[in-house]
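Single-structure report; data block below.
The values are calculated or read from the model by the stated rules, or taken from the named source; none is laboratory data. In this text the structure is predicted, and so the values were computed from the model without any measurement. Virtual Cβ from ideal backbone geometry, glycine too; neighbours counted across all protein chains shown.
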Amino acid sequence: MSPFAVGPAVAALVSLAGAWWLSRPGAPLQALDHPGHRSLHDRPTPRTGGLAVLAAIGAGLLGSGWARPLSGAGVGVLAGLVAVAAVSLADDRAGVRAGYRFLVHLLAAGLAVGSAPDSGGRRARAARGYGDSGGVLGLVWMINLYNFMDGMDGFAGGMSLAGFGGLALLALPWGPTWYPLACAVVAAAALGFLGWNFPPARIFLGDVGSAPLGYLAGVGILTGAGLGAFPLPCGLLVFLPFIADASFTLARRIVAGERFWEPHRTHLYQRLVLAGWSHRRVVLWEYLLMALTGGTGLLVAPRGAQVAWVALGAWTTVLLLLAWGLGRWLGARRP
């Protein structure tokens, strides 16, 4: 049987069963997310669903016979993933100072960049910049923006399904199967998790899920582009709704002189929910955006990097205008 059938199927089933098990009252390692001033939910909800997703990814890769993480080039990536997951689980359960988390994120990004997967014995060049500080900072930003954007039922899980599924499809024409297979397994794990996280959610990813998924997204984009599986902007396009919202919101808060490092509820998706839209309505519109930007990436990938950069710039402009227009509309609705 094809590993593309076995691995993703195992990942989806393990994630679905694991998320159900962790959502039960009194489940081991369970931590509850109590509603707070920046929350969109109104009742305590388990936030350790990321453990199910991580277990599903491991099971899916093993079930498909995928041994890439055990190769010399993948040791650093795997070590970085473990570090990010460990500090995130500690933060979910007891709280960890932001500075300590950031140091771990930097270490993990450095490990990933320093041991980039290779192709034909050559180290990957993610957009000719995988090994420099830009690659490290990009990975750290992906880790954190995923965490920032994991604030609504079904949102981060849906982005993971669309984003990693998009990376898998982008890389299929490339040739070697290990990379698209790994991405397909992560996408399948996200799909299984959505069985319990789609609105109304019974369990959340928590930091232990969102931060590692952000790490894997950054590694996946840089690795695929560096190996020549697809142009870098195509990898960015499949995750653009997350990247754009988090980046626009951060920039706006900095310009406004706000304490941008503090928790808030000013992401566009948060403002729509606070304005009265249901979680399901907002997340379905977000899914449409994911399909459009990711589909654009798939369409332009065969045309080369230059066309892909133009497409990325066009979509970034569209999303910026959309954010600006919705921001004005939401502001006008205030009493």
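Applying a threshold of 7 Å to beta carbon distances and a minimum spacing of six or more residues, or different chains, the list of pairs starting in region 1-28 at a residue that is among the aromatic types (Phe, Trp, Tyr) and ending at one that is not in a helix (DSSP H, G or I) reads 21/27. Taking the listed residues 152, 159, 142, the one that is at pLDDT 80 or above and more than 29 Å from residue 64 (Cα to Cα) is 152, with no other qualifying. In region 74-99, the residues that are free of Cβ contacts under 8 Å to residues at least 12 places away in the same chain form Cβ pairs under 7 Å with partners that are part of a helix (DSSP H, G or I), at six or more places apart or across chains, as follows: 78/69; 96/87; 96/90. Of the helices (runs of 4 or more DSSP H) that lie entirely inside region 220-335, those containing 1 or more residues that are at pLDDT 90 or above and on the phi < 0 side of the Ramachandran plot span 232-238, 240-255, 279-300, 305-332.
With respect to the conditions (1) at pLDDT below 95; (2) surrounded by fewer than 24 Cβ atoms within 10 Å (Cβ to Cβ); (3) farther than 14 Å from residue 283 by Cβ, residue 169 falls short on a single one, namely (1).
Here residue 147 fulfils each of the conditions (1) of a type outside the set (Lys, Arg); (2) within 14 Å of the chain's Cα centre (by Cα); (3) modelled with pLDDT of 95 or more apart from (3).
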